[in-house]
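K.L.:
Just dropping this structure here.
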Amino acid sequence: DGRTMSLGGIGVAVLALTVAVSADSVYISPLGRDTGECAESSSACRTLKFAVAKVAAGGTVRVMPGVYSGRDNFVDMAVTTIKNLTLTANEVTTNPRAYVFNALGDSANMRVGDGNKVIGLGFTGVRKQTSMTYGIVHISGNAEIRDCEFWDNEKSISINSTPEDVRIYSTSFSLPCEDTSCHGVGIDFIPSTSYNAAVRASDLRFEGTGTAIQFALGTLRIDRIKANGVTTVITAGGSSYGSFDLEVANGVFTNNERVMYAYGYDPKLYPKFDGRARFESCKFDHGSCENCDGPTIRAGKRITVGVVSSGFTENSAGNSKGGAAAGRGGAFFCDATATINIESSTFFSNTAVDGSPGWCDPHCGFAATGVQLSGNTAGTDTGKCSWPPSVNATASL
């Protein structure tokens, strides 16, 4: 409005200006409307796209219970104007499925960048299209995912290019595949020539058919992970762009076909490639697979694996129809250029159909100290790993 004040007989017009101010917190709700400032739960926005246009940098978008679908709810949060944004359930509970972003069979994704946090939400329904590279959540900067759940997605989280500090905490994944022809990737590291991502994770949970973690290069540190009934928990390596470095502590792996499949490269063709993996205080129980080798850990060319203070119980390779090539190594299978070092670990009742050592593989640089052995095929109680050289004399991955 315009008002006139008298100052010493001089009329001065004073104008009240209305300035749009971004809110520190805005709300979204399936019952909301994309109008106003959305600063209260009673006046929530309808879509995430509208909300991020209203929230201040470093602010918070609070998600009310319900289901969110459509492209306007799968937006790019990595843009500079909304740096350090937090997207969170209004009340973080043990049930992220109360706050659901559903792609409804599309290949939609939500891009998460520097300083962004995603907390307490559920994500489902993404289906891999021909051109689909990224998961339902695509991380392209230093970001954090916490207390979330992903289910029925052919790819859940994808991480690429430049992040140096990605954190994934207390998050669970249900892999969707009905058979092994579907990849069902929980976390996918997408390789590129500029890739240098470093990821820290804890309290991860995986179940279902598919690959839990596809890890081509970079560094990954996991403390506390549970995987049950998974086709492959970790696929490591397989990229000519560089090497990988993996550390897993306090893992519980049960009823999986394989815990780690580590690809390698011919050192003559890729002399700079190497891969490193270390498992500490882990349990590998009841792993089995038909027509395969090494149902717990399989190490390819130039891969170094360390296992410390861990236990392997009743893992089995191959089936009754398989020959030596279809069932070697109840616990390990390694290429001749790989190295496996075991310390202070136990191996009980691990078997291979071809009768080869159920707890070790003598075809690579294999060393074990402080191990306890009982009931393994071709096993001794001495900790010495040996096998007639006429059977599987060479291994190649």
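K.L.:
What ranking, highest mean first, results for peptides 218-225, 39-46 when packing means the other Cβ atoms within 10 Å averaged over each residue? The partial results should precede the final answer.
P.N.:
Working: 218-225: 20.0, 39-46: 17.4.
So the order, starting with the most tightly packed, is 218-225, 39-46.
K.L.:
Can you work out the Karplus-derived ³J(HN,Hα) for every residue in region 49-56? Use 6.51 cos²θ - 1.76 cosθ + 1.60 with θ = phi - 60°, whole Hz, and x for glycine or proline.
P.N.:
Result, ordered by residue: 4, 5, 5, 5, 6, 9, 7, 6 Hz.
K.L.:
Name the long-range amide H neighbours of LYS128: under 5 Å, sequence gap of 5 or more, or other chain; modelled H, no Pro or chain starts.
P.N.:
GLU154
K.L.:
From the phi of every residue in region 88-98, what ³J(HN,Hα) in whole Hz does the Karplus formula 6.51 cos²θ - 1.76 cosθ + 1.60 yield, where θ is phi - 60° and glycine or proline is x?
P.N.:
Values, residue by residue: 9, 4, 4, 10, 6, 10, 8, 10, x, 5, 7 Hz.
K.L.:
Go through LYS49/LYS117; LYS83/LYS117; LYS128/LYS301; LYS155/LYS301; LYS226/LYS283; LYS83/LYS128 and tell me which ones have a Cα-Cα distance over 19 Å in this structure. If you can, show how the numbers build up before the last one.
P.N.:
On the way: LYS49/LYS117 16 Å; LYS83/LYS117 10 Å; LYS128/LYS301 31 Å; LYS155/LYS301 28 Å; LYS226/LYS283 10 Å; LYS83/LYS128 28 Å.
Checking Cα-Cα distances, LYS128/LYS301; LYS155/LYS301; LYS83/LYS128 exceed 19 Å.
K.L.:
Find which of VAL112, ALA89, CYS148 sits farthest along the positive direction of the dipole of region 87-156, computed with +1 on the beta-carbon of Lys and Arg, -1 on that of Asp and Glu, about the Cα centre.
P.N.:
Farthest towards the positive end: VAL112.
Each reported figure results from applying straightforward, stated rules to the coordinates on display, with no laboratory input. Note that the structure is a prediction, hence the values are computed from the model and not measured. Positions of Cβ are backbone-derived with ideal geometry, glycine not excepted, and every protein chain shown enters the neighbour counts.
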